[in-house]
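Asks: Let me give you the structure first, and then I'll get to my questions.
The values are calculated or read from the model by the stated rules, or taken from the named source; none is laboratory data. The structure displayed is predicted, hence computed values, not measured ones. Glycine also receives a Cβ, built like all others from the backbone with ideal geometry; neighbour counts cover every protein chain displayed. Side chains are part of the model used for accessible areas, which takes the heavy atoms of the whole protein and leaves out ligands, DNA and RNA. Shrake-Rupley method; radii C 1.70, N 1.55, O 1.52, S 1.80 Å.
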Amino acid sequence: MNDIRRTILWVIFAFSLVMLWDQWQVHNGKKPTFLPSSAPAASASAPASAAQAAGSTPSAVPTSNAGTSSAAVPGEVPAGAPSATPRERVEVTTDVLKLTFDTEGGTIVRSEFLKHKDMEHAGAPFVLFDTSANRVYQAQTGLIGGNFPNHKTPMKFSGERTLPDGTNELVLRFESDPVGGVRLVKTYTLKRGSYVVDVRHEVVNASGQAVNPQLYMQLVRDGNKGPGESSFYTTFTGPAFYTDAKKFQKVAFTDIEKGKADFVKQSPDGWVAMVQHYFASAWLPTPGKEHENFARKVGDNLYAAGLIAPVGAVAPGATLAVDSRLFVGPQEEKMLESIAPGLELVKDYGFFTILSKPLYWLLDKLHGVLGNWGWSIVALVVLLKIAFYWFNAKAYQSMAKMKAINPKITELRERYKDNPQQMQMEMMRIYREEKVNPMGGCLPIIIQIPVFIALYWVLLSSVEMRGAPWILWIKDLSVRDPYFILPIVMTLTTLLQTALNPAPPDPMQAKLMWLMPLIFSVMFFFFPAGLVVYWVTNNILTIAQQWLINTRMGVPPQFNLPKFR
């Protein structure tokens, strides 16, 4: 039974290693073994096409099941009717956002977050939407169902470029010339302090007959991971859909590539998003109107996810408008909850959402009191230790009893080494006489594992950690400790924990008992400092509790040092 107890503990430890290995596999473009929150980006090393490298707007236009064959062809200005104004990039700025629009289609080709800094370029704002030699990520809209204006159609810009002092809104207008007798007017309204852009599409029928176009809104992105992401852990990157019927559905780029993308295709509600670590973008249509969702490959290492909504029949000389919203910003959970139902799920906790959300809530409340995310992590671990004190006490009491009878068990193993059946019978007799449950040290620990894994995902996913200082040399909890002090402390405390545990009689088990924590700790040298703060705090509190319980039970702490011979 002693072997069973150790085996279960090793299984628990191996489970943690499998999680880390799973993330490493995902980073290298392979399917995750069992963790759903790690869907990989496809073709991460694949270069963008020559057109993308030149910074041009991707030309793919979605095809609706209800659309005509002409919907597959980008709308163009007819020969002999060039645009009245040259193509240009229009930069507009609010207090939190700087957006760059292309007058070709009124497309958003770049977004900068003025309150979130780029980790690779000191002082520069973080860029999400981008159109450069290395990145393609845009928000596009247009009409299908005929030869109508789309995101390749030249447009005229009008409006202010900077949010004036004392005002709360910045209104931009892009208007096309008639294409197929139809003009498209896009109006973007940016608000002070907001990452949500109100978007109105007005379809003006300047022809002599009724038209019935459909409006598409899509997010086009390359399949690469976001800039600055670690090689030692990964989070989901790719499209996501939300509907009341199926809730949150992630779609891996690899599934799009293989034609195996699974999501709700028709819905009167919900939204479509493009997700990466800490940040996201999403098209939020007006609820109550049926629309078609789509996700498809549109180029070399280039993917589109979006929706197609009916505009309705537009009579000659008439105008119909469709309102929607575009979110482009950080994954701040409370803010996302206030924008749209389920939008906070882009902050992906995977299997552990039901546990992670209350843990984040508590962490946020602690931050409201302490004002420092590092100390909030420490306080949260302390509260969890208090909450699980009874479970831990039972586990360590059982371990202390096992440690106390360990000399007897070792003697039995030696005496009956040639008679395993008799050895097991004698061991069971000792357990009964000493009232020791070999499983008592395992089950309380197993109960806590989901909680600490959930907390791991909270700390890994929370954009609030990005750029948040703790103490002295820790200036950013979302990146690794620059001097590796925390990982070294974690390694030492992990080894101290190992030394306090009963030494396995089997020499091979004893060696592994020391080697595995070392291997496990090395991985944390490259993990975000916030995660290591959580783990170090947990180790220190565990050692203190184990020491206290052992002493109270009359089993003085002993250091079982390794014997590598």
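Asks: So how many residues does the range 159-188 have that are in contact (Cβ under 8 Å) with a residue 12 or more places away in the chain and under 23 Å from Val96 (Cβ atoms)?
Replies: The total comes to 16.
Asks: State yes or no: is Ile485 free of Cβ contacts under 8 Å to residues at least 60 places away in the same chain, among the β-branched types (Val, Ile, Thr), farther than 26 Å from Lys357 by Cα and surrounded by fewer than 20 Cβ atoms within 10 Å (Cβ to Cβ)?
Replies: When the stated conditions are applied, Ile485 passes them.
Asks: Within the set of pairs 6 or more residues apart or between chains, which connect a residue that is more than 19 Å from Asn224 (Cα to Cα) and touching a residue at least 60 places away in the same chain (Cβ under 8 Å) inside the range 251-274 to a residue that is assigned to a helix (DSSP H, G or I) and open to solvent by less than 40 Å² (accessible area, probe 1.4 Å) with Cβ atoms less than 7 Å apart?
Replies: Trp271/Leu343
Asks: Got at least one residue in the range 297-319 being open to solvent by 20 Å² or more (accessible area, probe 1.4 Å), assigned to a loop (DSSP other than H, G, I, E, B) and without any contact (Cβ under 8 Å) to a residue 40 or more places away in the chain?
Replies: So far as the range 297-319 goes, no, none of its residues is open to solvent by 20 Å² or more (accessible area, probe 1.4 Å), assigned to a loop (DSSP other than H, G, I, E, B) and without any contact (Cβ under 8 Å) to a residue 40 or more places away in the chain.
Asks: When you look at Glu257, is it among the charged types (D, E, K, R), open to solvent by 20 Å² or more (accessible area, probe 1.4 Å), in contact with a strand residue (DSSP E or B) (Cβ under 8 Å, 6 or more places away or on another chain) and closer than 21 Å to Gly223 by Cβ, yes or no?
Replies: So Glu257 passes the test.
Asks: Hey, can you tell me all the residues within the range 145-157 that are part of a strand (DSSP E or B) and aromatic (Phe, Trp, Tyr)?
Replies: Phe157
Asks: While we're looking at this one, here's another question. Quickly run through the range 177-206 and pick out the residues that are over 14 Å from Gly105 (Cα atoms) and assigned to a loop (DSSP other than H, G, I, E, B).
Replies: Matches in the range 177-206: Gly180, Gly181, Arg192, Gly193, Ser194, Tyr195, Ala206.
Asks: Residues that are assigned to a loop (DSSP other than H, G, I, E, B), under 29 Å from Lys225 (Cβ atoms) and open to solvent by 30 Å² or more (accessible area, probe 1.4 Å): does the range 158-176 have at least one?
Replies: no
Asks: Name the single residue, out of those in the range 121-149 being β-branched (Val, Ile, Thr) and over 19 Å from Leu97 (Cβ atoms), that is farthest from the chain's Cα centre (by Cα).
Replies: Only one residue fits best here, namely Ile144.
Asks: Do any residues in the range 336-365 that are without any contact (Cβ under 8 Å) to a residue 60 or more places away in the chain and assigned to a loop (DSSP other than H, G, I, E, B) have Cβ atoms under 8 Å from those of residues that are crowded, with 17+ Cβ neighbours inside 10 Å and acidic (Asp, Glu), where the two are at least six apart or on different chains, and which pairs are they?
Replies: Partner pairs satisfying both residue conditions: none exist.
Asks: Determine which member of the set Leu515, Leu472, Leu500, Leu455 is over 26 Å from Ala124 (Cβ atoms), at pLDDT below 90, hydrophobic (A, V, I, L, M, F, W, C) and open to solvent by 10 Å² or more (accessible area, probe 1.4 Å).
Replies: Exactly one residue qualifies, and that residue is Leu515.
Asks: Tell me, yes or no, whether the range 106-117 has at least one residue that is touching a helix residue (DSSP H, G or I) at 6+ places or on another chain (Cβ under 9 Å), in contact (Cβ under 8 Å) with a residue 40 or more places away in the chain and more than 30 Å from Ala210 (Cα to Cα).
Replies: Yes: the range 106-117 contains one or more residues that are touching a helix residue (DSSP H, G or I) at 6+ places or on another chain (Cβ under 9 Å), in contact (Cβ under 8 Å) with a residue 40 or more places away in the chain and more than 30 Å from Ala210 (Cα to Cα).
Asks: Still on this structure, please answer the following. What about Leu384, is it open to solvent by 40 Å² or more (accessible area, probe 1.4 Å) and either of a type outside the set (D, E, K, R) or part of a helix (DSSP H, G or I) (or both)?
Replies: Spelling it out, it is not the case that Leu384 is open to solvent by 40 Å² or more (accessible area, probe 1.4 Å) and either of a type outside the set (D, E, K, R) or part of a helix (DSSP H, G or I) (or both).
Asks: Within the range 115-144, track down each residue that is among the aliphatic types (A, V, I, L, M), part of a strand (DSSP E or B) and closer than 19 Å to Gln276 by Cβ.
Replies: Residues satisfying the conditions are Val127, Val136, Ala139.
Asks: Name the pairs whose Cβ atoms lie under 6 Å apart, with the first residue in the range 518-530 and more than 18 Å from Lys475 (Cβ to Cβ) and in contact (Cβ under 8 Å) with a residue 24 or more places away in the chain, the second open to solvent by 60 Å² or more (accessible area, probe 1.4 Å) and not hydrophobic (A, V, I, L, M, F, W, C), and 6 or more positions between them or separate chains?
Replies: none
Asks: Being out of contact with any Pro (no Cβ under 7 Å at 6 or more places or on another chain), modelled with pLDDT of 65 or more and open to solvent by 60 Å² or more (accessible area, probe 1.4 Å) is true for just one of Phe526, Phe520, Phe559. Which residue is that?
Replies: Every option except Phe526 fails the conditions.
Asks: Restricted to the range 276-296, and to residues that are in contact (Cβ under 8 Å) with a residue 24 or more places away in the chain and charged (D, E, K, R), which residue is most open to solvent (accessible area, probe 1.4 Å)?
Replies: Glu290
Asks: Further question on the same structure: What pairs come up if the first residue lies in the range 78-98 and is modelled with pLDDT of 90 or more and open to solvent by 80 Å² or more (accessible area, probe 1.4 Å), the second is among the β-branched types (Val, Ile, Thr) and in a loop (DSSP other than H, G, I, E, B), and their beta carbons are under 8 Å apart, counting only those six or more places apart or on different chains?
Replies: Pairs found: Arg89/Thr103.
Asks: Those residues that are open to solvent by 30 Å² or more (accessible area, probe 1.4 Å) and under 25 Å from Phe113 (Cα atoms), I need them from the range 331-363; list them, please.
Replies: Glu332, Lys334, Met335, Glu337, Ser338, Pro341, Glu344, Leu345, Trp361
Asks: Any residue at all in the range 226-242 that's modelled with pLDDT under 95, under 24 Å from Ala133 (Cβ atoms), assigned to a strand (DSSP E or B) and among the β-branched types (Val, Ile, Thr)?
Replies: no
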